[in-house]
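The values are calculated or read from the model by the stated rules, or taken from the named source; none is laboratory data. These numbers come from a predicted model, not from an experiment. Cβ placement follows ideal geometry from the backbone for every residue including glycine, while neighbour counts extend to all protein chains displayed. We work out accessible area using only protein heavy atoms, side chains counted, and drop any ligands, DNA or RNA first. Shrake-Rupley method; radii C 1.70, N 1.55, O 1.52, S 1.80 Å.
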Amino acid sequence: MRLLESVAEHEHGAPAKQLARETGLALPTAYHLLRTLVHEGYLRRDKGLFFLGEAAERLSSSGAEQKRRSTVVDALAHWRDLIGVPVYYAQYRDGEIEVLCVSDSPANPAVEEWADFRETGHAHAIGQCLLAQLDDEGRRDHLDRYPVRSITPYTVRDDHSLLRRLERTARMGPVIERQEYALGTVCAAIPITVGNAASTMAISLPAHQADRLVAATQQLQEEIGRLMGSLAISISI
């Protein structure tokens, strides 16, 4: 590990003698370990100099991805505790609605996925917010695969009504739905700009706390604004 760390510090490569000196290893030991690391793909040797290999780069990439995901998890947990609501993060990927992270607590549980979130995007705030960020072709493609269907008495009734609602949605404004996906639950979703991906952060509340929804949504928007600079890369997960 010390050899890998030492090699990583030398963008233009380093010879075995220098690496042995920097790591405090005997030269024969360093040579043996370097050969092993080259054989396993963690290092590569070129003209007597050692560089990080593909295996080390994959390891680094995996670690960076875990760090980015941890940043998102920590942010959602912070907002959950600060606002007192469950917080969701979702993206529209390859034609599908994917809820990538949920942070809730026993006192503020998340909405139970009693009907597949991917198939009922027309009914919940997360799906409506993501669909509102797509172009007309993308929306119609989604609805061709997942037609509108009423799952509660409050769900939008048909494709035409849903498309009209999406068109009226402010580009970066929050989307609010009340008991359209789950009776007894109100939700709000905020669009997030991450490159070309449609993304959203969302919250939910029991219907008897519906009067908190607008204020909680505004608070989440403010918190996202404060962290957006450091969060923008991380939420690509």
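For R149, which sequence-distant residues (separation of 5 or more, or a different chain) have an amide H within less than 5 Å of its own amide H, given hydrogens modelled in the peptide plane?
none
Can you list the residues, at least 5 places off or on another chain, whose amide H is less than 5 Å from the amide H of A198, using H built in the peptide plane?
Correct list: Y92.
I'm spelling it out carefully: the read-out is Rg and Dmax of the Cα atoms in Å, the candidates are (i) 24.4, 76; (ii) 17.2, 49; (iii) 21.4, 79, and one was derived from this structure. Which label?
(i)
Run the accessible area of the chain with a 1.4 Å probe and give the carbon-and-sulfur part as a rounded percent. Display every interim value, and only then the final one.
On the way: 6370 of 12830 Å².
That fraction is 50 percent.
How much FRET efficiency would the formula 1/(1 + (r/R0)^6) give for D81 and T36, where r is the Cβ-Cβ distance and R0 is 41 Å, rounded to 0.05? Could the numbers behind the result be given before it?
Working: r = 47 Å, r/R0 = 1.14.
Working from the Cβ atoms, E equals 0.30.
Might you tell me the accessible area per residue for the chain, computed with a 1.4 Å probe and given in Å²? Mind dumping the intermediate values first?
Details: 12830 Å² over 237 residues.
Result: 54 Å² of accessible area for each residue.
In a shell of Cβ-Cβ distance under 13 Å around G84, excluding G84 itself, what net charge do Lys and Arg (+1) and Asp and Glu (-1) give? Walk me through the numbers before you get to the answer.
Values: positive: R80, R212; negative: D81, D104, E223.
My count for the surroundings of G84 gives -1.
Within the range 176-209, name every residue whose backbone N is under 20 Å away from a label modeled 7 Å from Cα of A170 along the Cβ vector.
Correct set: 176-178, 187-194, 199-204.
Give me the one-decimal nm value for the distance between modelled label points at D74 and E57, 7 Å along each residue's Cα-to-Cβ direction.
Result: 2.8 nm between the two label points.
Per residue of the chain, what 222 nm ellipticity follows from adding -39500 (n - 2.57) for every DSSP H run with n ≥ 4, rounded to the nearest 500?
Numbers: 8 runs with 105 residues, N = 237.
Computed mean residue ellipticity for the chain: -14000 deg cm²/dmol.
With a 10 Å radius around each residue's Cβ, average the other Cβ atoms per peptide and rank 117-129, 173-185, highest first. Write down the numbers at each step before the final one.
Values: 117-129: 25.3, 173-185: 19.6.
Packing order, densest peptide first, comes out as 117-129, 173-185.
Using the alpha-carbon atoms, what tilt in degrees (0 to 90, nearest 10) does helix 213-234 show relative to the longest principal axis of the chain?
Between helix and principal axis, roughly 20 degrees.
Roughly how tilted is helix 159-168, in degrees to the nearest 10 and between 0 and 90, from the longest Cα axis of the chain?
Taking the Cα atoms of the chain, the angle to 159-168 is about 70 degrees.
Relative to the longest principal axis of the chain, what angle (0 to 90°, nearest 10) does the C-alpha long axis of helix 136-145 take?
Between helix and principal axis, roughly 80 degrees.
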